[in-house]
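Below is one structure, written out as structure tokens; comments come after it.
The values are calculated or read from the model by the stated rules, or taken from the named source; none is laboratory data. Nothing here was measured: the structure is a model prediction, and the numbers come from that model. Positions of Cβ are backbone-derived with ideal geometry, glycine not excepted, and every protein chain shown enters the neighbour counts. Surface areas here come from the heavy atoms of the whole protein model, side chains and all, with no ligands, DNA or RNA. Shrake-Rupley method; radii C 1.70, N 1.55, O 1.52, S 1.80 Å.
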Amino acid sequence: MSVNRLGIIREKVLAGARLSFDEGMYLETSVDLHTLGELANIVRERKNGNKTYYNVNEHLNPTNVCVYRCTFCAFRADLKSEKGYVMSDEQILHRGQEAVDRGCTELHIVGGLHHQLPYEWYLNIIRILHEKFPDLHLKAWTAVEWDWFARMTGRPTKELLAEMKEAGLGSLPGGGAEIFHPEIRSKICEHKADGTEWLRIHEEAHQLGLRSNATMLYGHIEKPEHRLDHLIRLRELQDRTGGFQTFIPLAFHPENTRLSHIPKPSGLMDLKMMAISRLMLDNFPHLKAYWVMLGVPIAQIAQSYGADDIDGTVVHEKIYHEAGSDSPQEMTIEELRRLIVEAGREPVERDTLYHEVIRPQGTQWTKGRKIVSLL
Ligand code: V47
Ligand code: SF4
């Protein structure tokens, strides 16, 4: 390791200066994990102090039937496959009720791109949920879905975003980003929205006042230069709009996918990706260690490698569990808070837009059941 080069990077990190692509490559190839963690932790604590955020949320995947065949996906089903499902309005509303009963502030809604269901089916999901549960924040549809809606209807994505916002959409999740670089994207998810489209749709959402998240899928066939290209493209968009809230590096889970021959990224790789993301994305306020994907132990350690968020209670997660995740299906608030405290951080409940949530004192939570106040 060249002390001089690292010394310059350290000075830049301490001064809050921006790291270049080449410096990112140097971090990827020549700097040990603990030094990366130490540097990333400087940025993490400067931006978020000792806080680790979590939220009370549920996932809803209204259908798994998908026209696309991303090589890394274990969730999707063919139109006529036995595994395929489409939820009814009644089932969707039941899940909304369950979320409200559990005290959720957010419903995270994504799914497959169904061959036959019209755009109105997706719009109706937002409409009925918002009408019945107006206080539940609906974080819905990845840029890949928005692009599909535009292809189906022939209408511009910005018009569709505005229409859904009117119907109750709260923000956009960060999925579908995978790796923007066409050299890799063309091999893992050839036909869906490309990197430029993904970024354009998020830019439009930001222009409409909608916040969004961003992700990167790592640990498959990409190389360090593709990851850095991805991070820098996100950073450039954030410079223009400031509309991203959280970045979530997603570790590839190979089981039951067409890339099942590729080994799962190691814990070391997970922490390295978290730290480098924190160092490169100097204009992103938050970084999430998604416990479902990383597993609980790495999500805890990641709180000292750049992350300041651990996601939420989750429940009903399908995308990672279909791909071999052995993380629990859900976590209670007490469990989340205990894990954060054990990691040496202060647990802070947030809503989707990072407002702190204060629950009445004495509120007790039982797994999967309504809130019972002891006072
Ligand atoms: O877009 C799919 C990824 C994403 C696999 O915005 C896989 O707060 C690994 O984006 N192995 C969906 N990854 C999940 C997602 C997300 C998760 C948590 C929070 C937020 C947020 C967003 O999952 C997909 C794809 O990139 N994915 N299959 C797999 N086998
Ligand atoms: Fe379809 Fe999304 Fe799976 Fe790709 S990742 S096959 S778009 S469900």
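Inspection of region 42-50 identifies no residue that is under 24 Å from Met331 (Cβ atoms), within 16 Å of ligand 1 (Cβ to nearest atom), within 21 Å of the chain's Cα centre (by Cα) and not aromatic (Phe, Trp, Tyr). Residues of region 318-361 that are within 16 Å of ligand 2 (Cβ to nearest atom), open to solvent by 60 Å² or more (accessible area, probe 1.4 Å) and not charged (D, E, K, R): Ile319 alone.
At least 1 residues being open to solvent by less than 30 Å² (accessible area, probe 1.4 Å) and touching a Cys at 6+ places or on another chain (Cβ under 7 Å) is the threshold, and among the strands (runs of 3 or more DSSP E) wholly inside region 1-118 those reaching it are 57-60.
In this structure, does Thr196 turn out to be over 17 Å from Asn213 (Cβ atoms) and of a type in the set (Val, Ile, Thr)? Against the criterion (over 17 Å from Asn213 (Cβ atoms) and of a type in the set (Val, Ile, Thr)), Thr196 qualifies. If you check Glu145, Glu159 for being crowded, with 17+ Cβ neighbours inside 10 Å and assigned to a helix (DSSP H, G or I), only one passes: Glu145.
Examine region 226-244 for a residue that is farther than 29 Å from Ala77 by Cβ and among the hydroxyl-bearing types (Ser, Thr, Tyr), and state whether such a residue exists. Checked region 226-244: at least one residue is farther than 29 Å from Ala77 by Cβ and among the hydroxyl-bearing types (Ser, Thr, Tyr).
Consider region 234-290 and keep the residues that are at negative phi, away from ligand 2 (no atom under 16 Å from the Cβ) and of a type in the set (Gly, Ala, Ser). The one that is surrounded by the fewest Cβ atoms within 10 Å (Cβ to Cβ) is Ser266.
Annotation: of all residues in region 170-181 being more than 13 Å from ligand 2 (Cβ to nearest atom) and open to solvent by 10 Å² or more (accessible area, probe 1.4 Å), the one that is farthest from Glu120 (Cα to Cα) is His181.
If you go through region 324-334 one residue at a time, do you hit one that is hydrophobic (A, V, I, L, M, F, W, C) and in a strand (DSSP E or B)?
no
For beta carbons closer than 9 Å, sequence separation of 6+ or different chains, a first residue in region 107-121 that is under 20 Å from Arg155 (Cα atoms) and aromatic (Phe, Trp, Tyr) and a second that is open to solvent by less than 10 Å² (accessible area, probe 1.4 Å) and within 16 Å of ligand 2 (Cβ to nearest atom), the qualifying pairs are Tyr119/Phe149; Trp121/Pro62; Trp121/Thr63.
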